[in-house]
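Asker: Structure below; questions to follow.
Readers should treat all values here as calculations from the given coordinates under stated rules, not as data from a laboratory. Keep in mind that what you see is a predicted model, and the values were worked out from it rather than measured. Heads up, the Cβs are rebuilt from the backbone with ideal geometry, glycines too, and the neighbour counts pull from every protein chain shown.
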Amino acid sequence: MSADLALSAAVLATLTIAVTDWLAVARDDHRTERWAKPAVMVGLLAVALALGAAGTTTGRLVLLALVLGMVGDVLLLEDTRPRFLGGLAAFLVGHLAWVGAFVATGLDRPALGWVGAAVLAAALVVGRRILPAALAEGGPALAVPVAVYMAVIGGMAVLGWATGHLLVGLGATLFVVSDTVLALAKFVREGRGSRPLVIVTYHLAQALLVAGLLA
């Protein structure tokens with residue numbers, strides 16, 4: 001199979017599984033979601049490998065970020081405090097891997113980091129009740145990890161735009177959107193029917209980052 005054919009097959013399979021997962025989330029079909037959600041990440045790993053990710057520092061960091069995202073997805077399939085904190089940790093380290101990939105690619109347009117800063121500022125305004133709600137629900141043991149996570153994803157948004165690659169900036173922005181909506185639903189109990197929005201923006205964020213860094 002040629003490289004182009006392998007890439008096309010991986011993209012088509014990933015898109016098909018992603019749409020399947022989106023529909024499952026919209027229908028509260030947890031049985032389908034349990035396999036489809038991590039399978040999307042397997043598909044993105046295949047796409048990244050078809051784009052030659054294994055051969056570069058940036059690519060290897062992308063692969064690490066995707067693997068950690070898949071681990072986080074699996075952990076968050078069950079809504080318990082230990083699994084939530086485990087998933088949070090996996091995604092936090094995954095975001096650090098994305099940041100490493102941005103740095104390896106080159107922060108060639110640092111002035112564009114202000115776009116990421118504006119995204120972060122908007123998210124902090126919209127989600128201003130997240131940390132107080134997390135503190136009220138679980139005390140510092142919950143609020144501190146959430147605060148650290150928010151700081152890391154904020155830095156990811158700034159540095160994503162600083163690469164100067166539009167797809168990378170948009171991918172980092174969608175990550176902020178997805179996580180903000182998720183946190184509002186979990187801690188503030190706002191938008192509890194927003195799971196389809198969370199999963200669609202999450203998958204698009206991952207796909208845009210892969211395309212922006214590797215394609």
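Asker: Is the C-alpha gyration tensor of the stretch 105-215 telling us rounded, prolate or oblate? Criteria: a/c under 1.5 is rounded; beyond that, a/b larger than b/c is prolate, otherwise oblate.
Answerer: prolate
Asker: Continuing with the same structure: Name the shape class, rounded, prolate or oblate, that the alpha-carbon gyration tensor gives for the chain, where a ≥ b ≥ c are the square roots of its eigenvalues, rounded holds for a/c under 1.5, and otherwise prolate holds if a/b is larger than b/c and oblate otherwise.
Answerer: In terms of gyration-tensor shape, oblate.
Asker: Next question. What are the membrane-span-like helices in the chain by this rule: whole DSSP H runs, Cα extent along the axis at least 24 Å, mean Kyte-Doolittle hydropathy at least 0.0?
Answerer: Helices passing the filter in the chain: 3-26, 30-50, 57-75, 81-105, 140-162, 166-183, 195-214.
Asker: A further question on this structure: Determine the distance separating the Cα centre of the stretch 174-215 from the Cα centre of the stretch 134-156; give it in Å without decimals.
Answerer: The stretch 174-215 and the stretch 134-156 have Cα centres separated by 17 Å.
Asker: Grab the other residues whose beta carbon is less than 11 angstrom from that of Phe91, score K and R as +1, D and E as -1, and report the net.
Answerer: That sum, taken over residues with Cβ under 11 Å, equals -2.
Asker: Right, next: If you take every residue apart from Phe187 with its C-beta less than 10 Å away from the C-beta of Phe187, what net charge results, scoring Lys and Arg +1 and Asp and Glu -1?
Answerer: That sum, taken over residues with Cβ under 10 Å, equals +1.
Asker: Follow-up. Would you calculate the separation in nanometres between label points at Glu137 and Leu85, each defined as 7 Å from the Cα along the Cα-to-beta-carbon direction?
Answerer: 1.4
Asker: Here is a further query. In the chain, which longest range has no trypsin sites (Lys or Arg not before Pro) that are both DSSP loop (not H, G, I, E or B) and surrounded by at most 12 other Cβ atoms within 10 Å?
Answerer: That gives 28-127 as the longest site-free run.
Asker: While we're looking at this one, here's another question. Relative to the present Cα-Cα distance, how much length would full extension add between Leu166 and Val126 at 0.36 nm per residue of separation?
Answerer: Difference between extended and current length: 12.0 nm.
Asker: Could you tell me the calculated FRET efficiency between Ala147 and Val42, based on Cβ-Cβ distance and R0 = 41 angstrom, to the nearest 0.05?
Answerer: 0.85
Asker: Below 8 Å between Cα atoms, with a sequence gap of 6+, how large is the relative contact order for the chain in percent?
Answerer: Rounded, it is 21 percent for the chain.
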